[in-house]
Amino acid sequence: MAALVESRRQSPLCLPAGVVTKIFLYLNFSEIILSLRVCKEWNRTLTSPLHSTLWRNLEVPNNCMMRWWPSHADVAKMLSWAGHGGANRIVMGRRDTARATLTLVLNESPNLEHLEYTQPVEDLLLPSDEQLCKQLRNVSIHGSETAFRNAAPDVPGGFPRTFLQNAASSLEHLAFEGIPLQWQNTELEPEIPFLPKLKTLRIKESSITGLPLPLFHLSDAFPGLEQLFVSQASANLDPGPMPELNPSRKWETIWPKLKVFLFEANITTMRYWLSRSFSPVRFLTCLSRGDLLQHIRLDFGHQGWPCMFMYGDIHDDYQRSELQSLRSFRSCKLRMEPERARCLFSSAIRTERLSSFDIVFPPNSLDYRESINHLHGYGWLRGAPSIVTLGCYDFFFPIWPENDEDLHLPQFLATFPNLQTLSIRSTRYTILPFTYLVEVILRLTHLKTIYINDYQNHPNVNLLRRAAAEQGVELITEERPQQWPMPLSS
């Protein structure tokens, strides 16, 4: 060992090959590429079979260092350096990645487990060879919305139905943008691949199509689904064929293993579409009386949805849901009456499973007593030791409190002994009272992170960020990111 460190200029390549590989695996792919330029010895050693593991994670990012991107010939070399079986993980982030390059890496990587790519500008058709990608577990497709909406499946530019169907024996995670037009047809059998082992599905559609997304078709195609994340502009879910037309299809048969349901709808008008999605959303949040659900997110752009969603027959399935396994409930616009929330979430609080929760206050109210009463109604939540993350939205308390009794929100937050992350937003505060409120919260709590999705470039926020840093708190002027897939508990 003394010989290895004899000189400060000693090359790390003199270490055992296994140690060298572990060291370089700490680098991202762009940094590994740059390492080849250090000298000929480094290039020769790092591309030898001893270090083939370095090249099994093949990544062509959209923002590569030094503005250099591997050519088709470069990618072919890297695959040869990976050795027999090619790459295990492929990420092609550049939209102008040639179809031939993506086809090459698929053909030369029979052990591929993870495929992530941005839909190329040119029309792309993935290989249909049944012998390819028999170990593929994860597929993510970005920038595909226009292509998938306008082209039929299995044609250049269209949804790669056959490619995914060939991977059905192993595929567990699927994410893409742009719901294929054929999927949204409730009258004809849609062109959806049958993926019995699929566990997580994330689909995003930012354009308004007016066509529904039939849930019964999806449940037939992906019967073992555990996590579902739907992001739509039009909030246009639809059950599909109704049970009376097909008695074997009932809500109780949909996704018996579903543990995560995340739903976003960005549209702010068109109540017809909102009302059509109302029942599907309610049913999905009370499957098996909600006993299996661990994570729920419900965000709607329409202010009318919350009241429509939360009020109904106290004896219906949704109101009887216990959500006893729930770990997180997230919504920055769904206002819930405290008593309704207590009925839904108190079991998860008693069992100390609920760790993340959002509170939305009465919107557009200029009477701060409404926010005070709303917060008092959440007395059942105060001091819960399991709560690690909280979100507080659309509140309105006395702007300049006269005494500690007026510090309603900071004192409420201070009751949670393990609170680490806070998301806070209210459009009814100007910058000065808002920063004062955050300063008080910093003083009374032991937070690690605060998210404020307003006032990004305001000088007062920069001062507040420095004050937070002095107390060991990171202030982030963005929305709290959505983790995906969500962690599951046994």
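In the range 468-490, how many are outside any loop (DSSP other than H, G, I, E, B) and not acidic (Asp, Glu)?
Residues that pass the stated criteria total 4.
If a residue has to be more than 18 Å from Cys332 (Cα to Cα) and in a strand (DSSP E or B) to count, how many in the range 344-386 make the cut?
Residues meeting the conditions: 0.
In the range 449-467, what residues are in a loop (DSSP other than H, G, I, E, B) and touching a residue at least 24 places away in the same chain (Cβ under 8 Å)?
Residues satisfying the conditions are Ile452, Asn453, Asp454, Tyr455, His458.
With Leu419, Leu413, Leu354 as the choices, which residue is more than 24 Å from the chain's Cα centre (by Cα) and at pLDDT 95 or above?
Criteria check complete, one pass: Leu413.
Before we move on, is Leu390 of a type outside the set (Phe, Trp, Tyr), in a helix (DSSP H, G or I) and within 28 Å of the chain's Cα centre (by Cα)? Full working, then the answer.
Numbers: of a type outside the set (Phe, Trp, Tyr): yes; in a helix (DSSP H, G or I): no; within 28 Å of the chain's Cα centre (by Cα): yes.
Against the criterion (of a type outside the set (Phe, Trp, Tyr), in a helix (DSSP H, G or I) and within 28 Å of the chain's Cα centre (by Cα)), Leu390 does not qualify.
Residue by residue, here is whether (1) under 18 Å from Val360 (Cα atoms); (2) in contact with a Gly (Cβ under 8 Å, 6 or more places away or on another chain); (3) small (Gly, Ala, Ser) holds:
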| position | (1), (2), (3) |
| --- | --- |
| Leu390 | yes, no, no |
| Trp400 | no, no, no |
| Leu409 | yes, no, no |
| Leu422 | yes, yes, no |
| Tyr436 | no, no, no |
| Glu439 | no, no, no |
| His446 | no, no, no |
| Ile450 | yes, no, no |
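Of the numbered conditions (1) assigned to a helix (DSSP H, G or I); (2) more than 23 Å from Glu479 (Cβ to Cβ); (3) of a type in the set (D, E, K, R), Glu402 satisfies every one except a single condition; which is it?
Result: Glu402 passes all but (1).
State yes or no: is Glu226 touching a helix residue (DSSP H, G or I) at 6+ places or on another chain (Cβ under 8 Å), modelled with pLDDT of 75 or more, over 19 Å from Asn166 (Cα atoms) and not basic (Lys, Arg)?
Against the criterion (touching a helix residue (DSSP H, G or I) at 6+ places or on another chain (Cβ under 8 Å), modelled with pLDDT of 75 or more, over 19 Å from Asn166 (Cα atoms) and not basic (Lys, Arg)), Glu226 does not qualify.
Considering every residue within the range 361-369, establish whether at least one is in contact with a helix residue (DSSP H, G or I) (Cβ under 8 Å, 6 or more places away or on another chain), hydroxyl-bearing (Ser, Thr, Tyr), modelled with pLDDT under 95 and more than 20 Å from Arg425 (Cα to Cα).
no
The values are calculated or read from the model by the stated rules, or taken from the named source; none is laboratory data. These numbers were taken from a predicted model, which means no experiment stands behind them. We place every Cβ from the backbone using ideal geometry, glycine too, and count neighbours over all the protein chains shown.
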